[in-house]
Every structure is written in C-alpha cells, then in structure tokens.
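Asks: Here you go, one structure.
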Amino acid sequence: MRRFGLLMGLVLLLSACVGGGNYAPVLDGSSRRPGEGTTHVVSAGDTLFSIAWRYGLDFRGLARANGIAPPYVIYAGQRLVLKEVDAVAVGRSDTRPPATPPPKNSCDLTAPSSRKIVSRPVVGEVPPEHAFRFDARLWRWPAKGELVRKFDGPHSTHKGIDIAGKLGEPVLAANAGKVVYAGSGLVGYGNLVIVKHSEEYLSAYGHNRKLLVREGQWIKVGQPIAEIGDSGTDSVKLHFEVRREGNPVDPLKVLPRR
C-alpha cells in the first residue's frame with residue numbers, strides 16, 4: 001500500500017507539472033492547418049513565405065495577423081501566431097498585434113544595425129521588364145520527365161505532383177516571377193525553390209540536387225532554376241506544387257495538357 005501511495009503521488013506531481021503554464025504550443029512542419037493560438041518561432045533560414053508554405057497559410061494573411069508589412073522582414077527568435085487575417089477584417093479593426101521587434105537582452109552582443117535579417121526583403125514588386133511578368137496563360141511544365149505521382153488533394157500530405165527525371169536535368173520555372181525562398185530548411189522538400197508569381201499564385205520545386213537561383217531574383221518562364229536531384233527523398237524526381245492564395249491546387253489544372 002505504501003508503494004502504491006508513493007506511485008500515485010508521483011503521477012499526480014507529474015500531471016501538475018505537465019499541466020502548468022500558459023505556453024502556446026509551437027508547431028513543427030505539420031501538414032495540417034494550425035489552430036488558433038499555435039505559434040512558430042523563427043529560426044535562421046526561415047522566411048515569411050517558407051513559414052506560410054509549411055503550414056498551408058496565405059503569406060499575406062499571416063503577415064497581417066502578425067502586423068508585418070512589406071517587405072516582410074522577420075527575425076530569428078521572433079514568435080509568429082499561425083493564423084490568417086484578411087484585409088477586410090483589418091479594415092474593421094485596429095487590434096492587430098504589433099510586429100515583433102528583434103530581441104534585445106543583455107546577452108545579445110549584436111548591434112541592431114548589423115543584425116542578420118532572416119527573411120530577405122521582397123522589394124520592387126513590379127518586375128523590371130515585361131519578360132518577368134506573370135501570365136496565367138503561360139504556365140509550362142517544370143521538367144520533361146514522366147508524371148509518376150498525381151495530386152492527392154489539398155488535405156493530403158502530398159500536395160503536388162512528382163515528375164521523374166535524371167540526376168542533373170534542368171528544372172524550369174513554370175511561370176515568370178520572383179524567387180522568395182531558395183534553401184533546404186523545410187523538412188521533406190530537400191533543396192527547395194519557391195517562386196512568387198503574383199499576389200495570388202506561388203509555386204514550389206523540391207528535391208533538387210543544386211539550386212541555380214537566389215532569393216529576390218526575378219526569373220522568366222522556362223528559365224532553369226535548379227537541377228533535378230534526390231535531396232530529401234529516396235529517388236531522383238522533381239516535386240512540384242502550386243498554391244493559390246495559400247491553398248494547394250492540382251498543378252495539372254494550370255499546366256498545359258501534354
């Protein structure tokens with residue numbers, strides 16, 4: 001009986017420790033849309049676009065929910081609330097949370113003026129030349145290989161299509177736009193490029209062997225942006241996604257019929 005009593009006391013103590021506190025849960029790279037109150041702590045390599053992509057959010061709504069204005073600068077250690085606020089709601093209320101400033105504490109030896117910006121500014125939203133302008137009629141296939149997996153649906157963990165290819169073959173921009181992410185920080189995508197085509201459309205190109213573009217670079221439709229590879233997966237292929245206002249759509253509905 002004494003042993004049982006001690007065991008029950010330990011269980012109650014652990015329950016109290018686990019249940020204490022008011023900390024909002026921090027999500028990892030989940031495929032589900034987060035609920036109210038969930039947050040993401042910005043780490044090196046994150047951009048607002050990559051965070052929105054990871055959680056299936058529209059980057060504009062995510063920015064409004066956190067009081068972040070263009071050019072969407074975020075900082076390492078910043079905590080973002082993972083929800084969307086539409087423009088109409090913002091117009092009705094002035095209760096948006098202020099943008100989180102870079103952390104300041106006695107252990108921070110970096111001067112604010114030299115602090116590394118995690119999210120590279122996306123400036124000059126008007127393309128420098130007509131050739132870089134998005135045209136919804138000009139979508140093209142990003143690779144020439146065979147389609148080996150189709151779109152499983154917006155609520156599936158597989159939100160795009162897979163195109164077979166040989167190691168090192170070119171990955172082409174499916175439409176004109178601006179590179180808003182180029183890196184390997186999103187688990188499951190390997191070396192990834194995300195292109196912002198317009199305020200409505202984004203596209204992503206995953207599992208590349210090598211990236212040929214940098215963040216902030218304007219690209220033309222059909223321009224080589226990467227080399228096909230097997231990073232983050234078990235076979236050589238290109239994973240291609242299209243999102244419209246943050247929602248995954250079937251790429252076959254925008255790409256030309258082969």
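The values are calculated or read from the model by the stated rules, or taken from the named source; none is laboratory data. All values derive from a computational prediction rather than experimental measurement. Neighbour counts run over all protein chains shown; Cβ positions are idealised from the backbone, glycine included. SASA here: full protein model, heavy atoms, side chains in, ligands and nucleic acids out. Shrake-Rupley method; radii C 1.70, N 1.55, O 1.52, S 1.80 Å.
Asks: In square nanometres and to one decimal, what's the mean projected area of the convex hull around the Cα atoms of the stretch 151-258? Each step should come with its number before you reach the end.
Replies: Numbers: hull surface 25.0 nm².
Result: a mean projected hull area of 6.3 nm².
Asks: Treat each spin label as a single point 7 Å out from the Cα along the C-beta direction, and report the Glu200 to Leu147 distance in nm.
Replies: The two pseudo-label positions are separated by 2.2 nm.
Asks: 7 Å from Cα along Cα→Cβ at both His130 and Arg79: what's the point-to-point distance in nm?
Replies: Modelled inter-label distance: 5.1 nm.
Asks: Then there's this: Per residue, how many Å² of accessible area does the stretch 143-258 show with a 1.4 Å probe?
Replies: Working: 5050 Å² over 116 residues.
Result: 43 Å² of accessible area for each residue.
Asks: Using 0.36 nm times the number of residues separating Ser231 and Arg244, minus their current alpha carbon distance, what extension gain do you get? Numbers along the way, then the final one.
Replies: On the way: separation 13, 0.36 × 13 = 4.68 nm, distance 2.55 nm.
Separation in residues times 0.36 nm, less the Cα-Cα distance, equals 2.1 nm.
Asks: Could you derive backbone 3J(HN,Hα) for the stretch 177-189 from the dihedral phi with the Karplus parameters 6.51, -1.76 and 1.60 (θ = phi - 60°), listing whole Hz in sequence and x where the residue is Gly or Pro?
Replies: x, 10, 6, 10, 7, 8, x, 10, x, 9, 4, x, 10
Asks: Given H placed 1.01 Å from N in the peptide plane, which residues other than close sequence neighbours of Gly160 have an amide H under 5 Å from its amide H?
Replies: Result for Gly160 returns Asp152.
Asks: A further question on this structure: So what are the ³J(HN,Hα) numbers for the stretch 214-223, from phi and the Karplus equation (6.51, -1.76, 1.60; θ = phi - 60°), rounded to whole Hz, Gly and Pro as x?
Replies: Result, rounded to whole Hz: 10, 5, x, 8, 7, 9, 9, 4, x, 6.
Asks: Another question, then. Want the number for Gln217 to Thr157: 0.36 nm per residue separation, take away the alpha-carbon distance, what's left?
Replies: On the way: separation 60, 0.36 × 60 = 21.60 nm, distance 2.90 nm.
Result for the pair: 18.7 nm of gain on full extension.
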